[in-house]
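Q: One structure, pasted below without further comment.
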Amino acid sequence: MAGFRIGRGRDNRTSQQQQPQQAPPPYRGGGGHAGPPHAQQQPPQWPQAGGGYQQQQQPQGPYGEPEYFGDPYQQQHPHGDPYANSPGHTQAFSIDEDPYGNGATYRAGASTAAPAGPRLHWKQLLSGIVLRPGPTFWQMRDYPVWGPALIVTFLYGLLALFGFDKAREETINATISTAIPYVLTTAVAFVIGGLILGAVTHTLARQLGGDGAWQPTVGLSMLIMSITDAPRLVFALFLGGENSLVQVLGWATWLAAGALFTSMVSKSHDLPWPKALGASAIQLIALLSIIKLGTI
């Protein structure tokens, strides 16, 4: 029907826009008679009920432009869903797609950073614990150190017995056949004790939110326990465990052990130093009561 608008507005156009056709002016030849030089295209005609034909009218817009179907304001919606993210509707995602970020979220128990470098040689490891503990602990946070830890702790246990006055006298006065098993048993006991205390430190660190591996934590804790008590043990072999200098060295090295334990747990488990110190508390108390105070 003429005058009936179909569509939503005057800007609804398609790529092939049609313009209303107008009849060209009549051709006037030399004789003054109008006649087209060629056959002209006429708009389609439709029959009327009473006879004759009526030309189809193109619906016009308010400014004389034709109306077309379509919505120029229709936008391309993600995933082909025009109602995505609208109230009452949800947006679909693929299986591997993370709608909230790039996937770099925290996962408990997983290491958050790669090692800072290659595995250190045992000489660099032992010297690094004393001279540059922070970078050493960070570089070795994902590497097991069972070899150096077991050997150093065993050697430390062989000499630790002579750091106690009573035990040293009994060992010296005993026969060789009796002293050797006694010394070996003490060394093995120190190794087992170091493993247990290191496992306790690791468990507490994980309970406090740490994400480090247990093998580096236990091995490094055994090395810290043995290396930090070496200065006290050297003087205790000659001066005895009750000497004042030995006692002062014992407290100083115990404080140094606390600082190294805190640094190691902090680097290995990505924990702030208060939590790292709390995770090392049981091991520090055990070392103080067993070794420093001589209550073995």
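The values are calculated or read from the model by the stated rules, or taken from the named source; none is laboratory data. Nothing here was measured: the structure is a model prediction, and the numbers come from that model. A quick note on method: Cβ atoms are made from the backbone with ideal geometry, for glycine too, and the neighbour counts reach across all protein chains shown. The accessibility values were calculated without ligands, DNA or RNA, using every heavy atom of the protein model including side chains. Shrake-Rupley method; radii C 1.70, N 1.55, O 1.52, S 1.80 Å.
Q: If you count, for each residue, the other Cβ atoms within 10 Å and average over each peptide, how do 265-275, 146-156 line up from highest to lowest?
A: Averaged packing, sorted descending, gives the order 265-275, 146-156.
Q: I'd like the accessible area for Leu195: 1.4 Å probe, protein heavy atoms, all chains in place, Å² to the nearest 10.
A: Accessible area, nearest 10 Å²: 60 Å².
Q: At 7 Å along the Cα-to-beta-carbon direction for both Ala213 and Phe238, put a label point, then send me their distance in nm to one decimal.
A: Output for this residue pair reads 4.2 nm.
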